[in-house]
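Notes for the one structure printed next.
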Amino acid sequence: QVRLVESGGGLVQSGGSLRLSCAASGIIFNVHNMGWYRQPPGNERALIATITSGGNTNYANSVKGRFTISRDNTKNTVYLQMNSLKFEDTAVYYCYAQKAPNKYWGQGTQVTVSS
């Protein structure tokens, strides 16, 4: 059974930092591409950061320069370091694991940035 469990969300002031973690089980982690989506209130889920099995990263323009995605294959965990947080970063953050044709999702973790 595949499980992705996010943690690290919470309430933070504008300008602050948070680090999200996503622990995976039930998959061969190091062959999966990983990433993070977020869904702000009343909006659609949007892709914000990806990291391939080989460690290549990509970011949405909205988070580039402020967020960093990384992975630790020894811990089957992907991270999202979020710095200089803004009110508009408020959203539910979801991690995913993908290896065609499968894509697995976590349950989401709430990040709230107070202005």
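Quick look at the values:
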| read-out | value |
| --- | --- |
| Residue match in region 104-111 (condition: among the hydroxyl-bearing types (S, T, Y), open to solvent by 40 Å² or more (accessible area, probe 1.4 Å) and out of contact with any Lys or Arg (no Cβ under 9 Å at 6 or more places or on another chain)) | no |
| Within region 40-64, tally of residues that are open to solvent by 60 Å² or more (accessible area, probe 1.4 Å) and under 26 Å from P101 (Cα atoms) | 7 |
| Condition met for L47 (assigned to a strand (DSSP E or B) and closer than 13 Å to Y79 by Cβ) | no |
| Answer residue from region 8-26, given it is under 17 Å from T90 (Cβ atoms) and buried (at least 16 other Cβ atoms within 10 Å of the Cβ) and is farthest from the chain's Cα centre (by Cα) among those | V12 |
| Test for R71: is it within 12 Å of the chain's Cα centre (by Cα), open to solvent by less than 30 Å² (accessible area, probe 1.4 Å) and of a type in the set (K, R) | no |
| Failed criterion for A24 (all others in (1) on the phi < 0 side of the Ramachandran plot; (2) among the small types (G, A, S); (3) part of a loop (DSSP other than H, G, I, E, B) hold) | (3) |
| Residue in region 78-91 that is of a type outside the set (F, W, Y), surrounded by fewer than 13 Cβ atoms within 10 Å (Cβ to Cβ) and out of contact with any Pro (no Cβ under 8 Å at 6 or more places or on another chain) present | no |
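The values are calculated or read from the model by the stated rules, or taken from the named source; none is laboratory data. Because the structure is predicted, anything quoted here is derived from the model rather than measured. Cβ atoms come from the backbone with ideal geometry, glycine included; neighbour counts cover every protein chain shown. These area figures cover heavy atoms from the full protein model, side chains too; ligands, DNA and RNA do not enter into them. Shrake-Rupley method; radii C 1.70, N 1.55, O 1.52, S 1.80 Å.
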